[in-house]
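To keep things clear, I will list the structure first and then write my remarks on it.
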Amino acid sequence: LTAFTIMSHRKFEHPRCGSLGFLPKKRCRRGRGKIKSFPRDDASKPCHLTGFIGYKAGMTHILRDVDKPGSKLHKKETCEPVTLVECPPMIVVGVVGYVKTPRGLRSLNTVWAEHLSDECKRRFYKNWYKAKKKAFTKYVKKYTDGKKEIEAELAQLKKHCSVIRVLAHTQIRKLNLGQKKAHLIEIQVNGGSVSDKVDFATKLFEKAVTVDSVFQTNEMIDTIAITKVRL
């Protein structure tokens, strides 16, 4: 009788299986993680980007010294698993301005760069092979007549917008993946005034942004990813 009172049968209770950090276990709505909230803006700091895209390359292990008073491992070495994330430089191809409304943010306008690579244009097509590849051929004409339309749109962003984000795509050909279609993402620009943010974003057009220009060494960052659940 005492044995039954100490421990119940598996039929009635047992320790749970799997991590609660991966709930809900269901099919994802999007194949690439979405940044739903960016860091809070501070106008006193210089303009900087707040996000980056990386690809999991594999895993390894590290030996590190534990600094945790009270723990048995304090001032001892421990072996921990780590994930390697490959981050090839991203190319900035556009800027988006958002206006604050009672219902949240609303996009006012999007200004694109003059030249877009094929790996970025592939993102706008379902079938690149059969497509006529006419994307942005008419938009380029805005740059031919002295950029008057482009300057007017940028001035509109500076005047009305409160949130500025850049459009950047990955250089997926630099990875050892079979994919040719680049991933496109909006990255918020924080720091400085709205005018400074727009100027900062337009200066980055068609230029490569490296991960060390966004994040510092030993900085604590959030990661957003989609897991492959193997049951």
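What to note about this one:
Results for (1) over 18 Å from residue 196 (Cα atoms); (2) outside any loop (DSSP other than H, G, I, E, B); (3) among the hydrophobic types (A, V, I, L, M, F, W, C); (4) in contact with a helix residue (DSSP H, G or I) (Cβ under 9 Å, 6 or more places away or on another chain), shown as yes or no for each residue.
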{"residue": "109", "(1), (2), (3), (4)": "no, yes, no, yes"}
{"residue": "129", "(1), (2), (3), (4)": "yes, no, no, no"}
{"residue": "132", "(1), (2), (3), (4)": "yes, no, no, no"}
{"residue": "135", "(1), (2), (3), (4)": "yes, no, yes, yes"}
{"residue": "139", "(1), (2), (3), (4)": "yes, no, no, no"}
{"residue": "152", "(1), (2), (3), (4)": "no, yes, yes, no"}
{"residue": "158", "(1), (2), (3), (4)": "no, yes, no, yes"}
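- Within the stretch 1-20, tally of residues that are of a type in the set (Ser, Thr, Tyr), at pLDDT below 80 and either surrounded by fewer than 10 Cβ atoms within 10 Å (Cβ to Cβ) or in a helix (DSSP H, G or I) (or both): 2
- Residue in the stretch 49-66 that is more than 25 Å from residue 86 (Cβ to Cβ) and part of a loop (DSSP other than H, G, I, E, B) present: yes
- Among the conditions (1) over 15 Å from residue 110 (Cβ atoms); (2) modelled with pLDDT under 95; (3) not hydroxyl-bearing (Ser, Thr, Tyr), residue 152 misses just one, which is (1).
- Checked against (1) within 30 Å of residue 86 (Cβ to Cβ); (2) of a type in the set (Gly, Ala, Ser); (3) open to solvent by 30 Å² or more (accessible area, probe 1.4 Å), residue 191 meets all criteria but (3).
The values are calculated or read from the model by the stated rules, or taken from the named source; none is laboratory data. None of these values were measured; they are calculated from a predicted model. Because the Cβ atoms are built from the backbone with ideal geometry, glycine has one as well, and the counts that use them run over all protein chains shown. The area values use the complete protein model at the heavy-atom level, side chains included, leaving out ligands, DNA and RNA. Shrake-Rupley method; radii C 1.70, N 1.55, O 1.52, S 1.80 Å.
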